[in-house]
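The block underneath contains the structure these notes are about, expressed in structure tokens.
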């Protein structure tokens with residue numbers, strides 16, 4: 001089962017960030033888009049609610065919803081498919097290594 005923590009780790013690795021960067025309170029542009037992609041992924045592949053996703057990122061659920069809607073509106077279908085593939089591969093690798 002994919003967790004929010006594994007999504008954070010996968011997105012951080014994709015953007016050459018530390019997982020803690022995605023949960024910091026900073027609003028730097030270089031962190032905002034990866035964080036929003038992680039919100040979107042968390043909503044797509046977990047059964048977590050918006051408040052639960054928000055707690056994992058130290059954000060309000062409305063901020064998470066805004067980020068999810070932004071990704072839905074602006075990311076291409078190909079990009080979203082690549083994000084989903086990345087998380088599934090990372091999850092498979094994690095389970096195989098365990």
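The values are calculated or read from the model by the stated rules, or taken from the named source; none is laboratory data. What you are looking at is a predicted structure, and each value in this text was computed from that prediction instead of being measured. Heads up, the Cβs are rebuilt from the backbone with ideal geometry, glycines too, and the neighbour counts pull from every protein chain shown.
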Pick from 59, 69, 48, 73: which is assigned to a helix (DSSP H, G or I) and either in contact with a helix residue (DSSP H, G or I) (Cβ under 6 Å, 6 or more places away or on another chain) or surrounded by 11 or more Cβ atoms within 10 Å (Cβ to Cβ) (or both)?
69
Can you find even one residue in region 14-34 that is under 10 Å from the mean Cα position of the chain (by Cα) and exposed (fewer than 14 other Cβ atoms within 10 Å of the Cβ)?
no
Looking at region 88-95, is at least one residue farther than 17 Å from residue 2 by Cα, free of Cβ contacts under 8 Å to residues at least 40 places away in the same chain, over 11 Å from the mean Cα position of the chain (by Cα) and not in a loop (DSSP other than H, G, I, E, B)?
no
Quick one: is residue 41 more than 12 Å from the chain's Cα centre (by Cα) and either at pLDDT 95 or above or more than 18 Å from residue 88 (Cα to Cα) (or both)?
no
State all residues of region 1-45 that are assigned to a loop (DSSP other than H, G, I, E, B), in contact (Cβ under 8 Å) with a residue 40 or more places away in the chain and either under 13 Å from residue 86 (Cβ atoms) or in contact with a strand residue (DSSP E or B) (Cβ under 6 Å, 6 or more places away or on another chain) (or both); if no residue qualifies, say none.
2
